[in-house]
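Okay, so here's the structure we're looking at.
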C-alpha cells in the first residue's frame with residue numbers, strides 16, 4: 001500500500017523560510033522535505049507582484065514534479081501575492097501560505113482587539129495582514145522594519161544594533177496586546193523584540209502555527225507518513241553563501257543542490 | 001594607429017563598485033568600461049581568502065579576454081586578499097585596488113596623525129588598512145559597520161535608521177581628524193556620516209582617489225583614449241535585482257548582460 005503525505009515542498013525567496021521548515025520538521029518528523037531557496041532572485045519584497053507570481057508558479061511546478069504532495073509558501077511576499085493563484089492552479093494539491101495562520105493565531109491571542117504587525121516593506125505595503133485583521137474587526141497598527149532581515153542575516157540578531165533598531169521601529173506603537181512577526185526571518189529576533197515590547201505584548205510568529213495546520217491536514221487527509229525526515233535544499237544562487245546564511249538563521253541539515261534559474265524554468 | 005587605454009575593466013562582489021565606476025567615468029570620459037558585479041556570490045567579506053582569490057582571478061581573466069587594458073578591483077575585500085596575486089599573474093596589464101589610494105589620501109589629509117577607518121567585518125578583520133596606516137606611523141582606530149551596506153542597498157542612506165546606526169558605530173571614536181570610508185558602498189552615506197562626526201573630521205573615500213590614479217596612469221602610459229564612455233555590466237546573479245540595487249546606489253547607465261558563474265569559469 002503506497003503511503004501518502006510523506007513529501008512536503010517548501011519554498012522561500014531565501015533562507016527565511018527555514019524557520020518554517022524547522023517547525024514543519026518538528027511537527028511532521030516522518031515527512032521528507034524539499035526546500036527551495038530562490039537566493040538568486042532574493043529579495044521578492046521589492047519586485048512587481050506579477051513577477052513574484054511567475055517565480056512562485058515555476059517553483060511550485062518544480063516541487064510538484066519532484067513529488068511534493070503539499071506545498072508550503074514559506075515567504076510572506078509570495079503568500080500575499082501568489083497563494084490563491086497557486087491553490088487554483090495546483091488543486092487538488094494543497095498549498096499553504098504563512099499569512100492566514102498568523103492572522104488566525106493573532107485573532108485567538110488578542111484580548112483588547114488591538115494588534116500590531118511588522119514585516120518587510122513589501123509585506124506591509126501589500127496590506128495582506130492588515131486587510132485580513134481588519135476584516136475580523138481588529139484595530140491594526142503596522143510597521144515596516146526593513147533592517148530586521150539584515151540583522152538576522154548578518155548574525156546580529158542579539159546585538160546592540162538589534163536592540164537599537166527594535167526600539168526605533170517599535171517604541172511608538174499604540175497600546176497593542178499582540179504583535180505578529182510578519183516575516184519568516186523574525187522568529188530569530190524574538191528575544192530582542194520580546195525584551196523591547198515587554199511581557200504585556202504577546203508575540204505571534206507564523207512558523208509554528210503554519211506547521212501545525214500542515215500537520216493537521218497531513219494526518220487527516222494523507223494518513224501516516226513514511227519518510228525519514230530527510231531534507232533536500234535546492235538553491236538558485238550560490239550554495240556556499242546559502243550554507244553560511246542558513247547557519248546564521250539556525251541551520252538545518254540536509255543535502256544542498258545547486259539549481260540555476262535556467263533549469264528551474266525548463267524543469 | 002591603434003589607440004590604447006580605451007577599455008578599463010572594473011569588478012566588485014556586487015553594486016558597491018559602481019561608486020568607483022562613476023568616479024572613473026568622470027575622470028576618463030573617453031574610456032569604455034566593462035563592469036562585472038559578482039552578485040551571485042556576494043558578499044565576499046565572509047568567505048575564505050583563498051576562495052575570494054579564485055573568484056578574482058577568474059573575473060580578471062574574463063575582463064582581460066574581453067579586451068580590458070587595465071583592471072580596477074573596486075572591492076575592498078578582493079583588494080585586501082587578491083591584489084598582489086592579480087598584479088603578478090596579469091603583468092604587464094595594470095591592476096589597481098582601492099586600499100592603497102585610500103591610505104595615501106588619508107596620509108596626505110591627516111594633521112594630527114590619528115586616523116580612523118570603517119568598513120565591512122571582512123575588510124576590518126583583514127587589517128589591510130590598519131597595517132598600511134600603521135606602517136606610515138599613524139595612530140589607527142578601526143570599526144566594522146556591518147549594517148551600513150544594507151542601509152545603502154535598502155535605500156535608507158538618508159534615514160533615521162542611518163543616523164541612529166552612524167551614532168552607534170562612530171560616537172565612541174577617539175580624537176581622529178581623518179576617517180577612511182573603507183567600503184565602496186559608503187560614499188552614499190557621506191552626508192549622514194559627515195553630520196555625525198562633524199566638520200573636524202575629514203572623510204576620505206577611495207572611489208575618487210582610485211579613479212585619479214587610474215586616470216594619471218592611462219594618460220601617461222596609454223595615450224589618448226578612443227572610447228565613447230560606453231559601459232557594459234556583466235552580472236553573475238539576477239539582472240533585474242542588480243538593476244534595482246544599482247539604482248539605489250546612484251544608478252549607472254549601460255547594457256546589463258547576464259553572465260552565469262558557469263560561463264565565467266569556462267570563459
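Where a number appears in this text, it was derived from the coordinates with a stated rule and is not lab data. Keep in mind it's a predicted model, so treat the numbers as computed, not measured. Here Cβ is always computed from backbone atoms with ideal geometry, including for glycine, and neighbour counts include all displayed protein chains.
Note on residue A:26/residue A:257: beta-carbon distance plugged into 1/(1 + (r/R0)^6) with R0 of 22 Å gives a FRET efficiency of 0.40. Put a dot 7 Å past the Cα of residue B:175, heading toward its Cβ, do the same for residue A:91, and the two dots end up 7.5 nm apart. Between B:79, B:13, B:112, the Gaussian network model of chain B with springs among Cα atoms under 10 angstrom shows the greatest mean-square fluctuation at B:112.
Dividing the alpha-carbon radius of gyration of region A:179-234 by the rule-of-thumb value 2.2 N^0.38 Å gives 1.54. Closest approach of any chain A Cβ to the axis that rotates A onto B belongs to A:150, 2, distance given in whole Å. Projected label points at residue A:127 and residue B:112, each 7 Å from Cα along the beta carbon direction, are separated by 5.3 nanometres.
With neighbour counts taken as other beta-carbon atoms within 10 Å, the residues A:98, A:188 rank, fewest first, as A:188, A:98. By the helix-only formula, in which each DSSP H run with n ≥ 4 contributes -39500 (n - 2.57) and the sum is divided by residues, chain B has a 222 nm mean residue ellipticity of -13000 deg cm²/dmol.
How far, in degrees from 0 to 90, does helix B:49-65 lean away from the longest principal axis of the Cα atoms of chain B, to the nearest 10? Once rounded, one gets 40 degrees. Sorted from nearest, the other copies put their residue B:108 label points 6.7 nm away, the label point being 7 Å from Cα in the direction of Cβ. Using a 7 Å projection from Cα along Cα-to-Cβ, the label point at residue A:30 is separated from the same position in the remaining copies by 7.7 nm, smallest value first. Taking the three principal axes of the alpha carbon atoms in region A:99-206, the coordinate ranges are 37, 27, 21 Å, sorted in descending order. Against the empirical curve 2.2 N^0.38 Å, the C-alpha radius of gyration of chain B lands at a ratio of 0.96.
Fewest neighbouring Cβ atoms within 10 Å first, the residues A:59, A:231, A:176 line up as A:231, A:176, A:59. Using the alpha carbons alone, the radius of gyration of region B:1-135 stands to its Kirkwood radius in an Rg to Rh ratio of 0.98. Peptide A:168-175 has a mean shielding of 1, counted as Cβ atoms of other protein chains within 10 Å of each residue's Cβ. Rounded to the nearest 10 degrees, the angle from helix B:206-217 to the longest Cα principal axis of chain B is 40 degrees.
The angle between the Cα long axis of helix B:160-170 and the longest principal axis of the Cα atoms of chain B comes to about 70 degrees, rounded to the nearest 10.
Across the identical copies, the label point of residue A:198 (7 Å from Cα in the Cβ direction) is separated from its matches by 3.6 nm, in order from shortest. To the nearest Å, what is the center-to-center distance of region B:88-155 and region A:225-256, using C-alpha atoms only? Each part reduced to its Cα centre gives a spacing of 35 Å. Over what distance in Å are the Cα centres of region A:6-58 and region A:162-212 separated? Spelled out, the Cα-based centre of one part sits 22 Å from the other.
Mean per-residue shielding of peptide A:20-31 is 0, counting Cβ atoms of other chains within 10 Å of each Cβ.
Quick one: B:173, B:41, fewest Cβ neighbours within 10 Å first, how do they rank?
Fewest-to-most ranking of B:173, B:41: B:173, B:41.
Between residue B:58 and residue B:135, the modelled labels are 3.0 nm apart [label points 7 Å from Cα along Cα→Cβ]. Over the Cα atoms of the protein assembly as shown, each weighted equally, I'd like the Debye log10 I(q)/I(0) at q = 0.10 Å⁻¹, rounded to two decimals. Log10 of I(q)/I(0), two decimals: -0.84.
The mean number of partner chain beta-carbon atoms within 10 angstrom of a residue's beta-carbon across peptide B:57-65 is 0.
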